[in-house]
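Asks: My questions all concern the structure below.
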Amino acid sequence: MRILVVEDEHKIANSIKRGLEQELFAVDVAYDGEEGYDLASSEDYDLIVLDLMLPKLDGVAICKKLRKEGVHVPILILTAKGQINDKVEGLDAGADDYLTKPFSFEELLARIRALIRRPHKAQNLELRIDNLQLNTTTYEVKRAGKIISLSNKEYSLLEYLMRHPNQILTKDQIITHVWNYEADILPNTVEVYIGYLRNKIGKDLINTRRGFGYKICSKKQE
């Protein structure tokens, strides 16, 4: 899952980035509103963490522009202001939730997880394909009850595939959601990590559609 953090206070932005990366998210950071808007409107994110008070372009303006352009990614606003009117303005502009500074990282993480889950009708804390299980809160992966040890990137790739079962995902889609903007991705990187996953979870669930991409599906639905 890929997150954009738009925050002009470098210490806060970098702290959020480090914390989220430890939770296996791919994270990009922008330190002003114009850069944040440019990334948000041109890249594909699963969630945006957006400071309200930003240089060059404020958070409310960014929300309004993105929603007007049809970008419906969940937006969590951060604000040092505690006034009700400021929170209402952010929500009315199109934000999905807000968090007032100072805040604990645990609360930020809980709100992020809630927003990411919101579009899914099932409360999918656990993703399942046949006898393969992935728990999105404990990061535990099992097949037929046996725990499988994955690297951070292998886990992120598997989670993205399992959140889109029976869908063919292109290499570009996978790179966009699993690696951050600054990652140095070689042409065969996705193939290499797909190979790592198949060696660990089994070769029968992840199918290759040559010229198109990859999909994970139940053996019954191949």
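Each reported figure results from applying straightforward, stated rules to the coordinates on display, with no laboratory input. Values in this document were obtained by computation on a predicted structure and should not be read as measured data. As a convention, Cβ positions derive from the backbone with ideal geometry for all residues, glycine included, and neighbour counts pool all protein chains shown.
Asks: What residue among Asn85, Pro74, Thr136 has its Cα farthest toward the positive end of the dipole of the chain, where the charges are +1 on Lys, Arg and -1 on Asp, Glu, each on the Cβ?
Replies: Thr136
Asks: Among Ile48, Val27, Ile16, flag the residue with its Cα farthest along the positive direction of the charge dipole of segment 16-58, charges on Cβ as +1 for Lys/Arg and -1 for Asp/Glu.
Replies: The Cα lying farthest towards the positive end belongs to Ile16.
Asks: What's the Kirkwood radius of the chain in Å, using all Cα pairs? Intermediate results must be reported in sequence, preceding the final value.
Replies: Working: mean 1/r = 0.0543 Å⁻¹.
Final number for the Kirkwood radius of the chain is 18.4 Å.
Asks: Would you mind putting 94-106, 135-147 in packing order, based on average other-beta-carbon counts within 10 Å, highest first?
Replies: Numbers: 94-106: 15.0, 135-147: 12.9.
Per-residue Cβ counts within 10 Å, averaged per peptide and sorted highest first, yield 94-106, 135-147.
Asks: I would also like to ask the following. Shape call for segment 2-117 from the C-alpha gyration tensor, a ≥ b ≥ c root eigenvalues: rounded (a/c under 1.5), prolate (a/b greater than b/c) or oblate?
Replies: Values: a/c = 1.30, a/b = 1.12, b/c = 1.16.
Since a/c stays below 1.5, the shape of segment 2-117 is classed as rounded.
Asks: Report, by chain and number, residues whose modeled amide H sits under 5 Å from the one on Tyr139, excluding near sequence neighbours (fewer than 5 apart, same chain).
Replies: Distant-sequence amide H within range of Tyr139: zero hits.
Asks: Given axes a ≥ b ≥ c from the Cα gyration tensor, I'd like to know whether segment 126-221 is rounded (a/c under 1.5), prolate (a/b larger than b/c) or oblate. Don't jump to the answer; show the numbers that get you there.
Replies: On the way: a/c = 1.76, a/b = 1.28, b/c = 1.37.
Because a/c hits 1.5 or more and a/b fails to exceed b/c, segment 126-221 counts as oblate.
Asks: Can you order the peptides 210-218, 189-197 by their average number of other Cβ atoms within 10 Å per residue, highest first? Mind dumping the intermediate values first?
Replies: Working: 210-218: 15.0, 189-197: 17.1.
Sorting 210-218, 189-197 by mean packing, highest first, produces 189-197, 210-218.
Asks: Let me ask another. Tell me which of Ser151, Ile216, Ile174 sits at the most positive position along the dipole axis of segment 88-222, charges placed on C-beta atoms (Lys, Arg +1; Asp, Glu -1).
Replies: Looking along the dipole axis, the top candidate is Ile216.
Asks: His72 versus Glu43, label points 7 Å from Cα toward the beta carbon: distance in nm?
Replies: Using points 7 Å along Cα→Cβ, the separation is 2.3 nm.
Asks: Considering Cα pairs under 8 angstrom that are at least six residues apart, work out the relative contact order of segment 126-221 and quote it in whole percent.
Replies: Numbers: 113 pairs, mean separation 27.8, N = 96.
Reported as a whole number, the value is 29 percent.
Asks: Tell me the mean residue ellipticity at 222 nm calculated for the chain from its helices only (DSSP H runs of n ≥ 4, each -39500 (n - 2.57), averaged over every residue, nearest 500). Kindly include the intermediate steps, with their values, before the conclusion.
Replies: On the way: 8 runs with 87 residues, N = 222.
The per-residue figure over the chain is -12000 deg cm²/dmol.
Asks: Go ahead and run the numbers for FRET between Tyr139 and Asn199, Cβ-Cβ distance against an R0 of 30 Å, rounding to 0.05. Please report the intermediate quantities before stating the final value.
Replies: Working: r = 19 Å, r/R0 = 0.64.
After rounding to 0.05, the efficiency reads 0.95.
Asks: Sticking with this structure for a sec: Suppose every Lys and Arg Cβ carries +1 and every Asp and Glu Cβ carries -1, with no other charges. What dipole size does segment 126-221 come out with about its Cα centre, to the nearest 20 debye? Provide the component values of the computation, followed by the final result.
Replies: Values: 15 positive and 10 negative charges, 111 e Å.
Using Cβ point charges on Lys, Arg, Asp and Glu, segment 126-221 gives about 540 debye.
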